[in-house]
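Below is one structure, written out as structure tokens, with a few remarks after it.
What follows is calculated from the coordinates using simple rules that are stated; it is not laboratory data. These numbers come from a predicted model, not from an experiment. Neighbour counts are summed over all protein chains in view; Cβ atoms, including those assigned to glycine, are modelled from backbone coordinates with ideal geometry.
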Amino acid sequence: MSLIQTKNLHLHYGNFHALKDVNIEIGRNEVVALIGPSGCGKSTYLRTLNRMNDLIDGTSIKGEIIIDGQNIYDKKLDVNELRKKVGMVFQKPTPFPKSIFENVAYGLRVNGIHKKAEVEETVEQSLKQAALWDEVKNDLKKSALALSGGQQQRLCIARTIAVKPEIILMDEPTSALDPLSTLQIEQLIEELRKTFTVVIVTHNMQQAYRISHKTAFFYLGELIEYADTKQLFENPQHERTKNYVQGKFG
């Protein structure tokens with residue numbers, strides 16, 4: 001059974017119909033890329049998976065998103081519990097103005113984990129999983145704001161995985177980074193998929209091809225095509241998908 005099932009999803013911002021009848025299934029330990037031109041609905045869809053759109057006035061949703069067998073738009077659902085299960089990494093690195101150590105420990109403390117040994121072990125493990133430990137292990141008291149952009153983004157990933165989510169959402173996580181940092185994040189995603197399910201929005205089609213198992217192409221709020229990445233790029237079933245992946249518009 002799929003980890004995430006999206007069924008007949010419609011989303012409106014006021015009168016604007018931002019997502020139109022979206023149906024997607026995502027399996028465990030898959031990396032799924034969401035592609036399409038600006039304003040097509042891919043980031044909106046990503047944010048439905050941890051209910052970030054709830055924070056935008058005038059948002060209304062119809063349909064279902066089922067994660068681990070539970071409809072996450074059920075009124076009884078605890079949204080804080082959902083966001084522990086579904087972590088998010090944003091386009092621009094967002095470290096807190098705290099030490100490297102405290103950035104990663106923050107979510108643990110918020111969730112009631114205060115034992116020194118447990119916090120220290122989880123911080124170290126998370127930084128290792130985020131491929132950052134060797135670079136910062138002697139500077140854990142240093143401000144996170146002193147790190148490079150690529151290091152800050154890996155720190156944000158470490159902070160996300162410290163609370164042990166099942167799913168990691170990434171909204172263009174490399175668009176503000178240089179090519180070397182981008183490569184490091186892509187290699188990291190390949191490692192993370194062994195433990196997590198990753199859903200990533202990217203404008204970079206080569207990146208989608210390199211890192212994902214499946215790709216979803218959105219256009220004007222509609223899911224035009226969703227398939228294995230190789231198939232979608234090399235043998236798309238829809239003319240619009242073909243034109244987009246060949247760079248004829250975007």
Failed item in (1) more than 14 Å from the chain's Cα centre (by Cα); (2) closer than 29 Å to Gly41 by Cα, with Thr122 passing the rest: (2)
Yes/no for Thr122 being among the β-branched types (Val, Ile, Thr) and not in a helix (DSSP H, G or I): no
Count of the stretch 182-219 residues which are touching a residue at least 40 places away in the same chain (Cβ under 8 Å), surrounded by fewer than 16 Cβ atoms within 10 Å (Cβ to Cβ), over 21 Å from Ser148 (Cα atoms) and polar (S, T, N, Q): 1
Top-ranked residue of the stretch 74-96 - restricted to ones that are in a helix (DSSP H, G or I) and of a type outside the set (S, T, N, Q), ranked as surrounded by the fewest Cβ atoms within 10 Å (Cβ to Cβ): Glu81
Criterion violated by Ile61 - all others in (1) assigned to a strand (DSSP E or B); (2) under 19 Å from Met170 (Cβ atoms) satisfied: (2)
Leading residue by the ranking (nearest to His203 (Cα to Cα)) among those in the stretch 161-179 that are in contact with a strand residue (DSSP E or B) (Cβ under 8 Å, 6 or more places away or on another chain) and crowded, with 24+ Cβ neighbours inside 10 Å: Pro173
The stretch 40-66, residues that are touching a residue at least 40 places away in the same chain (Cβ under 8 Å) and more than 19 Å from Val201 (Cα to Cα): Ile56, Gly58, Thr59, Ser60, Ile61, Lys62, Gly63, Glu64, Ile66
